[in-house]
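> There's a structure below that I have some questions on.
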Amino acid sequence: MLVLGIESSCDETGIALYDTEKGLLAHEIYSQIEVHADYGGVVPELASRDHVRKTIPLIKQVMADANVSPSDLSGIAYTSGPGLIGALMVGSCIARSLAYAWNIPAVEVHHMEGHLLAPMLEDTQPDFPFVALLVSGGHTQLVEVQAIGQYKILGESIDDAAGEAFDKTAKLLGLDYPGGPMLAKLAEKGTPNKYKFPRPMTDRPGLDFSFSGLKTAAANEIRAAGIQLAGSKSEQADEPENVEQIKADIAHAFQQAVVDTIAIKCRRAVEQTGIKTLVIAGGVSANTELRIKLKELMKKNRGDVFYPRHDLCTDNGAMIAYAGAQRLQKYGSNELKVKAKPRWSIEELPEI
Ligand code: KG4
Ligand code: ZN
C-alpha cells in the first residue's frame, strides 16, 4: 500500500510517500519560519495562506522525486487535527479533493498519533506496550500505548506545553522564533548551577506537568540581572558587560529544569505502569539534553528508549503517511467529508 501524507496543522507543510512494504520513499518539509519570524510567533492567517501556496507544488515535487504517479497511490492521509483550524482546512480540502479526483480513499489522521508513531519509521522499532512522552509546541502528554489506537493519557500539561515554554522563554532572552532549538544552543554555553529553577509539580504525586512558572522564573532572573527583557517597553539603564554569558546561564538552568521535570515524570510513569519501553516524540524530543537524560533513566530501569531521527521529531508528512497507512489498511476510507478538528483527544481514536 502506497500512501501520500499531508501535514498542515501549524507552520510546516510536510509531504511524504510511505509504502507499507518499501518504507519511506520520499519526504519534504517546507518550514514557514521566515513568514512568522517578524511577528515572534505563528500568525494563523499567514500560516493558512502559505499552506495554500506550498502544498500542491510540494506534492508534485515529492511525487516526481519518487517517480510516483497518481495511479500508483493507494490513498491519501491528511492531518485533520488538532491544530490551527485554517491551516488544517487547507490540508483537508486539498487531500479530499485530490482523493476524489484520483478516485482513491482519503483518511484523517490525528497529529499527535502521527508524532507518537514516528519512531516506527526507524530501523529498530519499539514493541507494544510502551509509554509515550509527547512533547511538542502544543502538547505535553504521557500516554500509555497498548497498541495503535489504544491510548490512555497518564498525565499532561495543565498550562503551557514544553515547547511553548521553550519558545516563550527564548523570546524573553531575545532569541528569534522558533526559540526552542535556539535556546538549547545558547544553553550549551551556559555554566551549570549558576541559577536554580524549580521542578514544577514534582513535589506531589501525579503525572501532570506545569511549565508556565518556569518562564516567569526566567523573566525574574533576567530582570534581577539588570538585563532588558526582550519585548518590554521599560528602558534598562546600563546592562552588565557579560549579558550574553548571563543569558546562556539562564538558558542552561531553564533547560535543565524542563529536562529534570520531564525525567521525573517519565520515571514515575514507567514505575506506575511497569512498562519498560519509553518512546519520545514531538518537536522537543529533538533536544539533545532530554535524549541523554531519558537514555540514562531507561538504562537505570533496564529498559529502552526510542525516538525518531531529527527531522521526524518536528512536524512532517512522513508520520502522517505512516499513521494513515495503518488506519487505511484496517478501516479503508472514511466518509466523504472535509474534517478539520482544532481540538481532538488522542483517547477518542479507534483501536487498530
Ligand atoms: O512537534 P512540533 O514540530 O510542532 C507541534 O506539534 O507543536 O514542535 C515544535 C516545538 C517548538 O516549540 C520548538 O521550539 C520545539 O518543538 N523544539 C525544541 C527543539 N527543537 C524543536 N525545543 C527544545 N529543544 C530543541 N532542540
Ligand atoms: Zn507537531
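> Residues being within 23 Å of the chain's Cα centre (by Cα) and of a type in the set (D, E, K, R): count how many of those fall in the range 266-275.
So the answer is 2.
> Return the pairs, sorted by first residue and then second, in which the second residue is in a loop (DSSP other than H, G, I, E, B), the first residue lies in the range 331-352 and is crowded, with 17+ Cβ neighbours inside 10 Å, the beta carbons are less than 6 Å apart, and the residues are 6+ apart or on different chains.
Trp344/Pro82; Leu349/Gly149
> Could I ask something else about it? Consider only pairs whose beta carbons are under 8 Å apart and that are at least six residues apart or on different chains; among these, list those whose first residue lies in the range 260-289 and is under 21 Å from Phe197 (Cα atoms) and in a helix (DSSP H, G or I) and whose second residue is small (Gly, Ala, Ser) and more than 16 Å from ligand 1 (Cβ to nearest atom).
Listed by first residue and then by second, the contacts come to Lys265/Gly155.
> Considering Gly138, Gly155, Gly75, Gly163, which residue is away from ligand 2 (no atom under 15 Å from the Cβ), among the small types (Gly, Ala, Ser) and not assigned by TED's automatic domain parsing to the domain that holds Lys54?
After ruling out the rest, the residue left standing is Gly155.
> Among the candidates Glu164, Glu221, single out the residue that is among the acidic types (Asp, Glu) and crowded, with 22+ Cβ neighbours inside 10 Å.
Values: Glu221 fails: crowded, with 22+ Cβ neighbours inside 10 Å.
Criteria check complete, one pass: Glu164.
> Any chance you could count how many residues in the range 90-122 are among the aliphatic types (A, V, I, L, M) and touching a Ser or Thr at 6+ places or on another chain (Cβ under 7 Å)? Spell out the reasoning first.
As a first pass, look at the range 90-122 and keep what is among the aliphatic types (A, V, I, L, M): 90, 94-95, 98-99, 101, 104, 106-107, 109, 112, 116-118, 120-121.
Subsequent filtering for residues that are touching a Ser or Thr at 6+ places or on another chain (Cβ under 7 Å) retains 90, 94, 104, 106-107, 109.
Qualifying residue count, the range 90-122: 6.
> For the range 49-78, how many residues are surrounded by 20 or more Cβ atoms within 10 Å (Cβ to Cβ) and of a type in the set (S, T, N, Q)?
Total meeting the criteria: 1.
> Filtering the range 312-327 down to residues that are away from ligand 1 (no atom under 14 Å from the Cβ) and more than 20 Å from Ile59 (Cα to Cα), which residue is surrounded by the most Cβ atoms within 10 Å (Cβ to Cβ)?
Result: Arg327.
> Further question: Here are the criteria: (1) away from ligand 2 (no atom under 16 Å from the Cβ); (2) in contact with a strand residue (DSSP E or B) (Cβ under 9 Å, 6 or more places away or on another chain); (3) of a type outside the set (Val, Ile, Thr); (4) not assigned by TED's automatic domain parsing to the domain that holds Met182. Tell me which single one Met298 does not satisfy.
Result: Met298 fails condition (4) only.
> I need the full set of residues from the range 29-46 which are of a type in the set (A, V, I, L, M), over 21 Å from Ala165 (Cα atoms) and in contact (Cβ under 8 Å) with a residue 24 or more places away in the chain, in order please.
Ile29, Val35
> So which strands (runs of 3 or more DSSP E) are wholly in the range 54-167 and hold at least 1 residues that are touching a strand residue (DSSP E or B) at 6+ places or on another chain (Cβ under 8 Å), within 13 Å of ligand 1 (Cβ to nearest atom) and in contact (Cβ under 8 Å) with a residue 40 or more places away in the chain? Quick ask: steps written out before the conclusion?
On the way: elements: 75-81, 106-110, 130-135, 140-147, 150-156.
Answer list for the range 54-167: 75-81, 106-110, 130-135, 140-147.
> Please verify whether the range 294-304 includes one or more residues that are under 20 Å from the mean Cα position of the chain (by Cα) and buried (at least 20 other Cβ atoms within 10 Å of the Cβ).
yes
> So is Pro178 touching a residue at least 24 places away in the same chain (Cβ under 8 Å), away from ligand 1 (no atom under 12 Å from the Cβ) and either assigned by TED's automatic domain parsing to the domain that holds Leu214 or more than 16 Å from the chain's Cα centre (by Cα) (or both) or not?
Spelling it out, it is not the case that Pro178 is touching a residue at least 24 places away in the same chain (Cβ under 8 Å), away from ligand 1 (no atom under 12 Å from the Cβ) and either assigned by TED's automatic domain parsing to the domain that holds Leu214 or more than 16 Å from the chain's Cα centre (by Cα) (or both).
The values are calculated or read from the model by the stated rules, or taken from the named source; none is laboratory data. Predicted model, so just to flag it, every value in this text is computed and none were measured. Here Cβ is always computed from backbone atoms with ideal geometry, including for glycine, and neighbour counts include all displayed protein chains.
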